[in-house]
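J.: I have a structure here, written as structure tokens, and I will follow up with some questions on it.
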Amino acid sequence: MKIIVAVDNRLGLMFNHRRLSQDIEMRKDMKIYEPIHMNDYSYKLYKDCVECIVDEDFLDNDGYNFIENVSVNQYQDNIDEIILYKWNRNYPADFYLDIDLTLFSLIETIEFEGKSHHITKEIYRRKDEKA
């Protein structure tokens, strides 16, 4: 499974019950991962900008899955790749990405300007357990 997520510096996903993932430039960049599996909450924002597969059990597949308002801790062993869109800010988050990033290796970093701020895209892959 692969997950796509927008986070602040402390891996916060939402603050004051509001999503971080509203930047139009991030949504344009996400098109390379289509089709993207997501729940109905995310679909309301993304339906007009990326090809979506909507399912409330969307984390039960091997494709790209967009995470905003759900825990992924119980799926941690199934995650092979993580695409983080980092906002490079600290928000008073009330919901966090709940996986152990030390299980993954950072393989690529891409910087780009969002509509209102700078975004760092980080791509992680699961570390080889045989090494």
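J.: Can you pull out the residues in the range 27-83 that are without any contact (Cβ under 8 Å) to a residue 12 or more places away in the chain, surrounded by fewer than 17 Cβ atoms within 10 Å (Cβ to Cβ) and in a helix (DSSP H, G or I)? Explain how you work it out, then say what you get.
T.: Here is the first cut: in the range 27-83, the ones without any contact (Cβ under 8 Å) to a residue 12 or more places away in the chain are 32, 43-44, 47-48, 57, 60, 74, 77.
Remaining after also requiring surrounded by fewer than 17 Cβ atoms within 10 Å (Cβ to Cβ): 32, 44, 47-48, 57, 60, 74, 77.
Of everything in the range 27-83, those that are without any contact (Cβ under 8 Å) to a residue 12 or more places away in the chain, surrounded by fewer than 17 Cβ atoms within 10 Å (Cβ to Cβ) and in a helix (DSSP H, G or I) turn out to be Ile32, Lys44, Gln74, Asp77.
J.: Got a number for residues in the range 29-52 being of a type in the set (Phe, Trp, Tyr) and farther than 16 Å from Ile83 by Cβ? Spell out how you get there, then give the answer.
T.: From the range 29-52, those of a type in the set (Phe, Trp, Tyr) are 33, 41, 43, 46; that's our starting set.
Keeping just the survivors that are farther than 16 Å from Ile83 by Cβ gives 41, 43.
Residues meeting the conditions: 2.
J.: What about Leu11, is it touching a residue at least 60 places away in the same chain (Cβ under 8 Å), within 23 Å of His117 (Cα to Cα) and open to solvent by 10 Å² or more (accessible area, probe 1.4 Å)?
T.: Working: touching a residue at least 60 places away in the same chain (Cβ under 8 Å): yes; within 23 Å of His117 (Cα to Cα): yes; open to solvent by 10 Å² or more (accessible area, probe 1.4 Å): yes.
Against the criterion (touching a residue at least 60 places away in the same chain (Cβ under 8 Å), within 23 Å of His117 (Cα to Cα) and open to solvent by 10 Å² or more (accessible area, probe 1.4 Å)), Leu11 qualifies.
J.: Return the residues of the range 96-131 that are surrounded by 17 or more Cβ atoms within 10 Å (Cβ to Cβ), in contact (Cβ under 8 Å) with a residue 60 or more places away in the chain and assigned to a strand (DSSP E or B); say none if nothing qualifies.
T.: The answer is Ile119, Lys121.
J.: When you look at Asp57, is it under 21 Å from Ser105 (Cβ atoms) and among the acidic types (Asp, Glu), yes or no?
T.: Working: under 21 Å from Ser105 (Cβ atoms): no; among the acidic types (Asp, Glu): yes.
Judged against the criteria, Asp57 is not a match.
The values are calculated or read from the model by the stated rules, or taken from the named source; none is laboratory data. Please read these numbers as outputs of a predicted model, since none were measured by experiment. FYI the Cβ positions are ideal-geometry reconstructions off the backbone, even for glycines, and counts take in every protein chain you see. Accessible surface is based on the protein model in full, side chains and every heavy atom, while ligands, DNA and RNA are left aside. Shrake-Rupley method; radii C 1.70, N 1.55, O 1.52, S 1.80 Å.
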